[in-house]
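A quick write-up on the structure given underneath.
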Amino acid sequence: MDGDAGRTYRALMGATSTLDHSPRLTELPGASRLLRIDESTFAWVIAQVRDGSAPSSETAAAQAHQAGLLQSADPVEVEPHWDALLRRAITSPVRIDMVSVDGARAWATTVHVAGEIQLVIDQVREVTSSDSTVSLGARSSALTLAVGRIEHFSDLITALVPQRPAFGADPSESLTAPEAPGATTDPPSVDPPSVAQVQVVVSANPATGEPMIRDRSWYAFGADGTVLATLTGTGEATTAEPAPVGALTEILKADLIAAINHVTADRADSADNAEGAGQTTEGDER
């Protein structure tokens, strides 16, 4: 990032929060913008974009202006490109919600899909875990916002989830030294607790039709998280079964396409119904 955008990001990089004193994300594949802002300030900007109902706040306006979200702080005027993007994002019927846990670290990520653009909202969370449960606690007071493009979707998702080889991260970053040439080992078991996990919900909420929700759970097993597993079955019959490394992004991409197609089909049905109703009314008038 260069120019004003780069200066803004570097200035905001120093912002602290109650849970993370430095950003979890510093760059993303294909992200044209990346910034860090207080959660309360972002909520203030969203209220301003939605209907101009944000209460007067010099602090929020100053930070939003510094971040480049406002064109003017007095009077309050949202930067036109951010205004258009945020409007599309908050009204988009398609979104991805992810909760990632990597050891003692956790974060929640929402990806609003607005055509070819994705708005990413990433926030660190407190986490407590046992052999059988994982619970999220308080949120960080800071958010990281990023703007990506659909052609970088797989790389974007890989960068947002825990950086474990099972999830598609570069295997060279593994902490374990490679096996000696010719060495053979049994495949790691998926019975012990995972070292990292990702819970993903892809949702499509069309204006008139039934919503579509796909909920999946992914786990990284092995000392460095080199074995990928996903849940299969339901209820007491649910088990973690090994999956091909990198399958998370491929299946998530398929789920995203299904969600977009679901909304597109609903819009087509609504248009056909409206056209049919118009023809019927016209016929009645004759």
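Any read-out appearing in this document is the output of simple, stated calculations on the displayed coordinates, not a laboratory observation. If you're wondering where the values come from, they're calculated on a predicted model, not measured in any experiment. Positions of Cβ are backbone-derived with ideal geometry, glycine not excepted, and every protein chain shown enters the neighbour counts.
Each label point was placed 7 Å from the Cα along the Cα-to-Cβ direction; for residue 236 and residue 253 their separation is 4.0 nm. With 0.36 nm allotted per residue and the present C-alpha distance subtracted, the residue 104-residue 261 stretch has 52.8 nm of extension available.
Against the empirical 2.2 N^0.38 Å (N residues), region 82-138 has a Cα radius of gyration ratio of 1.40. With the simple model of a label 7 Å out from the Cα in the direction of the Cβ, residue 74 to residue 223 spans 6.1 nm. Stokes-Einstein D for region 27-85 at 37 °C, 0.692 mPa s, Kirkwood Rh over Cα pairs, in µm²/s? Diffusion coefficient, whole number: 281 µm²/s. For region 211-221, the Karplus equation 6.51 cos²θ - 1.76 cosθ + 1.60, evaluated at θ = phi - 60°, returns couplings of x, 10, 10, 10, 10, 9, 10, 10, 9, 10, 10 Hz by residue, with Gly and Pro reported as x. Per residue, the average separation of C-alpha pairs within less than 8 Å and at least 6 apart gives region 45-148 a relative contact order of 16 percent.
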